[in-house]
Amino acid sequence: MSSAMSRSREIRFRSRPEGAPSAANFELAEVSLDAPADGEVQVRNLWMSVDPYMRGRMTERTSYVSGFELGKVLQGGAVGEVVVSNADGFVPGDLVQSMLGWREGFNAPAASLQKLPDLPLPPEAYLGVAGLPGLTAYVGMSNIAEVKPGDVVFVSAAAGAVGSVACQIAKIKGATVVGSAGGIEKCAFLRDIGVDQVIDYKAETDLTEALARVAPDGIDVCFENVGGVHLEAALANAKFFARFALCGNISNYNKQAEGPRNIEIAVTHSLRLQGFIVSNYFHLMPKFAREVSQWVAAGKMQWRQTVVDGLEQAPDAFGRLFTGEKLGKMLVKLA
Ligand code: NDP
């Protein structure tokens, strides 16, 4: 069990990225930590998550989640260990989840922490397969796209944290799955997890043709993570009444959004396009976490993670979400 902390390093938001995020947008600082006040708990973070939505929080426009403040420590999902407790219900050694990532340790009111569920999963899984990315995949496939046996499902950014879980949930639901990802290693991973047809989009000149080649009768469902030409390809290959779960648009996060240029197909093909934000479905988390742990135990759900060591690596880990230099869930190990 770790001891109390007197200092913590943190990453602050130094400047807004113009285009892709870079090291210059971040600043490493050190703060001192007192003993936790009444009702507070001191936590040493073990793992922190970097997620694409954080890019949206770095812009000035308002969105579904408030923006990061310049000069202040960044925030995000983290898993840590209680080292000192001055609050009922927490004791040293408890593993907890918070939105107080991008720092090595902190004091916080007990209400801002959730204990990890007692399930046979490693702590960092609650930032990936059994956490927000996994729940996003679950909501998109179940509540939004309503995937059913026999559907042909297309998933973009399929080898990522959300996409890889989305593919496996679609398989569990009896669908045929087409996944697209960038590069040989990611495509091999997709085949390993049972994806029926794989598109290496970086090796294709025309994604619409590539999707038509592997799904010649069209797709019933699109789980869209990327947007741009991926969404155009999905629209061009949609069957009548196909359902689109619009989860993300990462190809446009660092630039002015482009396309889709064929949105009229939504009309001509009577498509249902529905966006969603996972935070509106947090009430499903306990049920989802139990189900995912059962799927893991039954060998129906696998995951990969790319881990970098040390808080100072967090900005680089964040940047790799946009260059794709990682496989599965991108994580920063802090202790
Ligand atoms: P990933 O682990 O999938 O990492 C991002 C991946 O996006 C990269 O690995 C890369 O895939 C792909 N990518 C990045 N830029 C491009 C580009 N220009 N063209 C094509 N692919 C690109 O991230 P997550 O799984 O955490 O997130 C996936 C998506 O889900 C994001 O759009 C995110 O915003 C969204 N999301 C939405 C939520 C919601 O509530 N709606 C909640 C959580 C996530 P590759 O390596 O194959 O090139």
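Would you calculate the separation in nanometres between label points at ARG272 and THR59, each defined as 7 Å from the Cα along the Cα-to-beta-carbon direction?
That separation, rounded to one decimal, is 2.8 nm.
For ASP51, ASP316, give the ranking by accessible area with the largest first, probe 1.4 Å.
ASP316, ASP51
Report in % the part of the accessible area of region 174-220 that belongs to carbon and sulfur, leaving out ligands and nucleic acids; probe 1.4 Å.
45
Taking Cα atoms, how many degrees apart are the long axis of helix 314-323 and the longest axis of the chain, rounded to 10 and kept between 0 and 90?
Tilt relative to the chain: about 0 degrees.
What percentage of all Cα-Cα pairs in region 229-289 are separated by more than 18 Å?
Looking at region 229-289, the distances longer than 18 Å represent 47 percent of pairs.
With r defined as the distance between the Cβ atoms of ALA203 and ALA257 and R0 fixed at 30 Å, what FRET efficiency is calculated, to the nearest 0.05?
The calculated FRET efficiency here is 0.75.
Quick check: the angle from helix 285-297's long axis to the longest principal axis of the chain, C-alpha only, nearest 10 degrees?
70
Restricting everything to alpha-carbon atoms, can you work out Rg to Rh for the chain with a Kirkwood hydrodynamic radius?
0.99
Using a 1.4 Å probe and ignoring any ligands, DNA or RNA, find the accessible area of THR268 and quote it in Å² to the nearest 10.
80
Among the DSSP beta bridges whose two residues both lie in the chain, what percent are antiparallel, rounded to the nearest 5?
Bridges in the chain that DSSP calls antiparallel: roughly 55 percent.
Can you sort SER156, SER15 by solvent-accessible area, 1.4 Å probe, largest first?
SER15, SER156
Can you figure out the FRET efficiency of SER3 with ASP316, using R₀ = 41 Å and their beta-carbon distance, to the nearest 0.05?
Efficiency at R0 = 41 Å is approximately 0.90.
Within the set of other residues whose C-beta is less than 15 Å from the C-beta of GLN274, count the net charge using Lys and Arg as +1 and Asp and Glu as -1.
-1
Roll a 1.4 Å probe over the protein chains and send me the accessible area per residue for region 186-257 in Å².
Result: 44 Å² of accessible area for each residue.
In what sequence, largest accessible area first, do HIS283, HIS230, HIS269 appear using a 1.4 Å probe?
Ranked from most to least accessible, the order is HIS283, HIS269, HIS230.
Computed over the Cα atoms of region 1-137, what is the ratio Rg over Rh, Rh following Kirkwood?
0.98
What whole-number value in cubic angstrom gives the convex hull volume per residue for the C-alpha atoms of region 94-168?
Output value, Cα hull per residue: 130 Å³.
When you have a sec, figure out the Kirkwood radius of region 7-60 from all distinct Cα pair distances and drop it here in Å to one decimal?
13.6
The values are calculated or read from the model by the stated rules, or taken from the named source; none is laboratory data. All figures in this text were calculated on a predicted structure; none of them were measured in a lab. So basically every Cβ, Gly included, is an ideal-geometry build from the backbone, and we count neighbours across all protein chains shown. For accessibility, only protein heavy atoms count, side chains too; no ligands or nucleic acids. Shrake-Rupley method; radii C 1.70, N 1.55, O 1.52, S 1.80 Å.
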